[in-house]
Structures are given as structure tokens and as C-alpha cells.
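Here is the structure we will look at.
The values are calculated or read from the model by the stated rules, or taken from the named source; none is laboratory data. Since this is a predicted model, take the numbers as computed values, not measurements. Because the Cβ atoms are built from the backbone with ideal geometry, glycine has one as well, and the counts that use them run over all protein chains shown. Heavy atoms of the whole protein, side chains included, go into the accessibility calculation; ligands, DNA and RNA do not. Shrake-Rupley method; radii C 1.70, N 1.55, O 1.52, S 1.80 Å.
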Amino acid sequence: MDKSFVLLVGLLVLAGCGPSTSNSDNASTNGDPAAKLYRGEYPIRAIATVGMVADIVRTVGGSYIEVTQIMGAGVDPHLYKATRDDVQMMMDSDVVFYSGLMLEGKMTDVLVKIARGKPVVAVTESIDETYLLEPEDFAGHPDPHVWMDVLAWSKCVDAVAKALADFDPSHAAAYDANAAAYTKLLGELHAYGKQSIGSIARDRRVLITSHDAFNYFGRAYEMDVQGVQGLSTESEAGLQRINELVGMISERGIRSVFVETSVPRKNIEALVEGVRERGKEVSIGGELYSDAMGPDGEYEGTYVGMIDHNLTLVTRALGGDAPEHGFQGKLSHAAGPTR
């Protein structure tokens, strides 16, 4: 981060700084709700870092909230650095929401500073710590990809509803009602995931992807999940790891592997080539949404659509039973395997 950017952040924060508190990411503040009640005009201006968070805020906030999303489709949040325009947008907003658990690790310093002047909410704070996964190669840091388990992510809906109700108590009932309806929908999506993934033969429930973004998915829907890279896309895929997976695919007759929309395809393509060199065949089962949702304006550009796509695509590619157009009959991208 260059010195001029740091100075800009400091100057912007001084315009409205106040007391702050910190969480495990050192960036969230609940402050004193009575001191932060909203008294401005509607809609409330909210900023969300990633699409999965933005979708909760839009759904729960309804017509009272206008949400601006910082990272769009295909953007890797592990590597994203806040721009000057991002900082200005956050300073001009009324409330900021982010995922947390170090998903937006390169934005932490900025979020800490913004939190001195307004509510900044990590939605994953509402998830019980005992539920979080902590992979061996990421010791001391929980896996941030909690949205891959629909029931776990639904806890974040309550966190958003509470934050909005604390900030704007005059519309608390509306936020609570919207949250309840959304939570019910997520429960139905989770049940669809259990049923569809459960239709895959047990020995075929192996999900091989670009990086370890699907551990919660694997636990929730009973799949063996293997990533070429580690938990963060900053880690490198070693030749040994690729060879291990090539051996597994060849020996177990795994029929499909998957690329991710926000991660380069080269490592998965290396697996396909490695398997072919052993006289076997494996297809690319399609693209999964991992750290970012689909395009704006499309069903896959919503959280429900993103997960519906993943569940449906994985099920169909691995020989299970799921409708072509998914949970709500709205999918357009869950095609079959490609060579």
C-alpha cells in the first residue's frame, strides 16, 4: 500500500472518527447502538465487500437499503486490495458489511480505520466458533468459506438483521420479517443440496477443485473434497500435490474435476493432462462459483443461484440426480461435463 493511499485513508477517517471496538479481524464495530441510530434519508447507503454478503443485505434491507458491492463477479477476495474509490465509497456510506474470517485480508487495515466513524459489521461473527473449520495448513485461522454450507451461512442473515435493526430501529420489524423469509428459503436450498448430492453413488462423491474453498460444502453435503491449492489462492500448487491428485483420479476412476470462476484454470487442466498421460480420462465437469457469485442480473448472481448452480452441477457431473435447471428451475449455466 503506497504512502499517499495511507494518507488519504487517514484524512478521510479524521472527518468523522469516533470510538471503536474490534473483533477477531480487528475491523468490526457494534459501538453504542443508541449513539449510532440512523436519522438520515432513505434508502440507507450500505457497502458490502463481496456478493454473498451484499445479497444478504439487499434481501434483509429491502427498499430501505441501497447496497453497493465492492467486488464483482470473478474477483478473488483473497487478493483484492481496496482502491481509493473503494475507500471514498465506504466513507460516504452509512454502514459497511463484510464477510470476515480474513477473507478480505488485504482490506483489514482500511476496514479498521473506517470502523472508527461508522458501523462496520463482520457477518460471520454470528457463527459459533466451534462450528468453524481450521485446516492444518492454515493453523490459527478459520477457513473463511462458510457460505458453502447453506445452514451455516443462514446464521449470517440474523447478524445482518440485528445490525440493521440496531442502526434503524424504526424498521426493525421489516428487517426481521425479511430475514425470516430468507432463512426459510435457505433451509429449503440446504435440503435440496442434501437430497441431490445424496443421490451420487458414495464412491463417486469426490469433489476436486482449484483451491480449498469447498471444505464446508464437503462437510455439509458429505463429499470428499480435494483442492489443488491451499485455503488461500495466494498459495502455490506444488508438483507433488498435482501428482497425488492425478494418482487418486486414475485409481478411483473419478469422472469429473471442476474449475472455479475466480481462479485460473491451469492447475485443473494440468490434472486432466496428467490423467490422460496415464491412459485414463477425466472431464472438466464445469465451472463452480467459489469466492465470487455469478454475473449481476442473473440468477447465478444471487447467493441462492450461486449455490444452486454448484449443487446441481456437481450432482449431474458426478452421476447423481438433479433437475437440469436446479432447485428453483432458474439455472442457465449448470451444463454437463466438457472435455
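Sort 149-156, 278-285 by packing, meaning the average of other beta carbons within 10 Å per residue, with the highest value first. Walk me through the numbers on the way to the answer.
Details: 149-156: 22.6, 278-285: 16.1.
Final packing ranking: 149-156, 278-285.
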Checklist entry - By the scheme Lys and Arg +1, Asp and Glu -1, what is the net charge of all other residues having a beta-carbon under 15 Å from that of ARG202? => result +1
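In segment 120-185, how does Rg compare with the Kirkwood Rh, expressed as the Rg/Rh ratio over alpha carbon atoms? Before the final figure, lay out each step's value.
Values: Rg = 13.9 Å, Rh = 13.0 Å.
The Rg/Rh ratio comes out at 1.07.
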Item to check | Share of carbon and sulfur in the accessible heavy-atom surface of segment 96-238 [1.4 Å probe, %] | outcome: 51
Checklist entry - If we count every other residue with Cβ under 10 angstrom of GLY320's Cβ, Lys/Arg +1 and Asp/Glu -1, where does the sum land? => result +2
Checklist entry - Using the heavy atoms of the protein chains alone and a 1.4 angstrom probe, what is the accessible area of segment 115-263 per residue in square angstrom? => result 41
Next on the checklist: If DNA, RNA and ligands are ignored and the probe is 1.4 Å, what is the ranking of THR108, THR49 by accessible area, most exposed first?
Outcome noted: THR108, THR49
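Among 127-133, 164-170, how do they line up by average Cβ neighbours within 10 Å per residue, starting with the highest? Spell out each step's value before the answer.
Values: 127-133: 13.0, 164-170: 20.1.
With the highest mean Cβ count within 10 Å placed first, the list reads 164-170, 127-133.
What per residue convex hull volume, in Å³, comes out for segment 66-194 when only alpha-carbon positions are used?
Numbers: hull volume 17.8 nm³, N = 129.
Convex hull volume per residue, Cα atoms: 138 Å³.
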Checklist entry - Which distance in Å, rounded to a whole number, links the C-alpha centroids of segment 290-325 and segment 129-163? => result 20
Checklist entry - Counting Lys and Arg as +1 and Asp and Glu as -1, what is the net charge of the other residues whose Cβ lies under 13 Å from the Cβ of HIS333? => result -3
